[in-house]
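*Asks:* Next up is a structure, given as structure tokens.
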Amino acid sequence: MNKYSDVRVGVAGVTGYTGIELMRRLARHPRANLRFAMASSGSESRRLPALARIWDQPVQPLDIDRLAAETDAVFLALPEAVAAEVGPSLAGRTRVFDLSGAFRLRDESLRKKWYPHTREADTGATYGLTEHYRDQLKTAELVACAGCYPTAAILSLRPLVAAGLLEDGVIIDAKSGVSGAGKTPSERTHFSECHGSISAYGVFAHRHAAEIEQEVGASVTFVPHLVPLDRGILETIYARLKPGVTADEIARVLRTAYADSPFVRLTEGELPEIKHVAHTNFCDIGWRVDRPGGQLVMVAVIDNLVKGAAGQAIQNFNVAFGFDETLGLN
């Protein structure tokens with residue numbers, strides 16, 4: 001039996017979409033003893049209707065000392081600026097699973113550009129994409145859970161780039177539901193602005209491009225779009241194959257890479273849809289090749305709140321504490 005039979009868990013930032021998703025899933029996780037539900041700001045306790053009969057205790061103000069002293073693991077669903085301050089102070093006192101972007105980038109200059117609130121020169125964080133960092137997660141004190149857009153892109157591209165199958169010049173056309181923009185309302189996410197419309201944003205100016213390039217090991221053109229869905233991400237990826245590379249070779253590399261990955265489903269020529277993964281921790285990847293050495297088109301889908309956030313964090317937690325990777329997620 002695993003030595004961790006009852007892991008004391010706290011969640012900070014439970015009032016947002018990701019925090020609520022975390023609470024719902026951790027509350028029924030058989031090895032998680034959910035001890036704290038804390039907000040990201042404020043000084044008064046309150047109750048959340050969305051958590052009724054899941055967590056009937058009040059949501060408390062953020063208390064770093066209590067989290068450090070009375071938990072074995074903390075999930076941070078906090079704004080990036082708050083996580084940048086809280087994460088290092090908790091790491092080493094409890095195991096931290098951060099869902100912001102504060103600690104994802106290893107290059108200091110890029111981190112200063114995209115996450116200026118992260119002051120640590122070397123955060124010591126382990127990148128939290130379970131399928132590619134299982135060994136490192138087992139001993140990690142601070143886990144920087146992968147971003148939602150990067151998760152789908154990296155799972156699709158990393159094995160192919162590592163095998164030397166692709167030419168330079170990958171294009172990622174990504175579309176996300178509105179929950180990916182967070183719970184704080186803005187003009188862009190107002191119902192009247194996004195309903196019945198699709199819009200591109202962050203062209204050549206989205207922080208997830210740096211994260212994708214770091215983990216894939218190749219330059220990409222990344223264009224995200226906002227679509228009128230509540231949840232889900234679909235990425236259509238365009239790449240040119242190296243001379244002679246065939247569809248069979250693409251399939252072989254991806255099957256080998258994810259043979260032991262329970263949450264990656266390779267649909268191959270059957271291109272996946274968002275509805276196939278909504279409310280699950282799966283990443284579905286399909287692809288087609290026009291001819292050997294020709295064009296590769298991949299389609300990857302995830303639920304941005306699950307595999308792109310809360311579910312992936314719990315998957316990392318399971319590996320870190322030696323549990324079955326699927327525990328609490330199926």
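*Asks:* Given the rule -39500 (n - 2.57) for each run of at least 4 DSSP H residues, summed and divided by the residues of the chain, what is its mean residue ellipticity at 222 nm, to the nearest 500 deg cm²/dmol?
*Replies:* Details: 10 runs with 93 residues, N = 330.
Using -39500 (n - 2.57) per qualifying helix, the result is -8000 deg cm²/dmol.
*Asks:* A further question on this structure: More than 25 angstrom separation, counting every C-alpha pair in the chain; what % is that? If you can, show how the numbers build up before the last one.
*Replies:* Details: 26901 of 54285 pairs.
Of all Cα-Cα distances in the chain, 50 percent exceed 25 Å.
*Asks:* Extending each Cα 7 Å along its Cβ direction at His279 and Asp65, get the distance between those two points in nm, one decimal.
*Replies:* Taking the simple label geometry, His279 and Asp65 are separated by 4.3 nm.
*Asks:* I need the phi-derived Karplus couplings for the range 85-95: 6.51 cos²θ - 1.76 cosθ + 1.60, θ = phi - 60°, integer Hz, Gly and Pro marked x.
*Replies:* Those phi angles translate into 8, 6, x, x, 6, 8, 4, x, 9, 8, 7 Hz.
*Asks:* Could you go through the range 165-172 in sequence order and give the Karplus-derived ³J(HN,Hα) for each residue, using 6.51 cos²θ - 1.76 cosθ + 1.60 with θ = phi - 60°, rounded to whole Hz, and x for Gly and Pro?
*Replies:* Coupling constants for the range 165-172: 8, 10, 7, 5, x, 6, 10, 10 Hz.
*Asks:* Follow-up question, since we're still on this one. Once the mean 1/r over all distinct Cα pairs of the range 149-303 is inverted, what Kirkwood radius in angstroms do you read off?
*Replies:* After inverting the mean inverse Cα-Cα distance, the result is 16.0 Å.
*Asks:* Given Cα pairs under 8 Å that are at least 6 residues apart, what percent is the relative contact order of the chain? Could you put the intermediate results ahead of the total?
*Replies:* On the way: 729 pairs, mean separation 57.5, N = 330.
The value is 17 percent.
*Asks:* Separate question: Restricting to Cα pairs below 8 Å that are 6+ residues apart, what does the relative contact order work out to for the range 193-330? Please round to a whole percent.
*Replies:* 23
*Asks:* Also, quick follow-up: For Glu120 and Asp168, what is the calculated FRET efficiency with R₀ set at 30 Å and r taken between the beta-carbons, to the nearest 0.05?
*Replies:* 0.40
*Asks:* What distance in nm separates the simple spin-label points at Arg288 and Asp6, each placed 7 Å from Cα in the Cβ direction?
*Replies:* About 5.5 nm, to one decimal.
*Asks:* Now for a different question. Report the label-to-label distance for Thr139 and Asp260 in nanometres (one decimal), using points 7 Å from each Cα along the Cα→Cβ vector.
*Replies:* 1.8
*Asks:* Apply 1/(1 + (r/R0)^6) to the Cβ-Cβ distance of Ala50 and Asn330, taking R0 = 25 Å, and write down the FRET efficiency to the nearest 0.05. Please list the in-between numbers first.
*Replies:* Working: r = 23 Å, r/R0 = 0.90.
After rounding, the FRET efficiency stands at 0.65.
*Asks:* Per 0.36 nm of contour for each residue apart, how much would the distance between Gln214 and Ala200 grow if the chain were fully extended, relative to their Cα-Cα spacing? Spell out each step's value before the answer.
*Replies:* Values: separation 14, 0.36 × 14 = 5.04 nm, distance 2.29 nm.
Additional length available on full extension: 2.8 nm.
Throughout, read-outs are computed from the coordinates displayed, never taken from laboratory work. Here the structure is a predicted model, which means the values were calculated and not measured. Every residue, glycine as well, gets a Cβ built from its backbone with ideal geometry; the counts of neighbours run over all protein chains shown.
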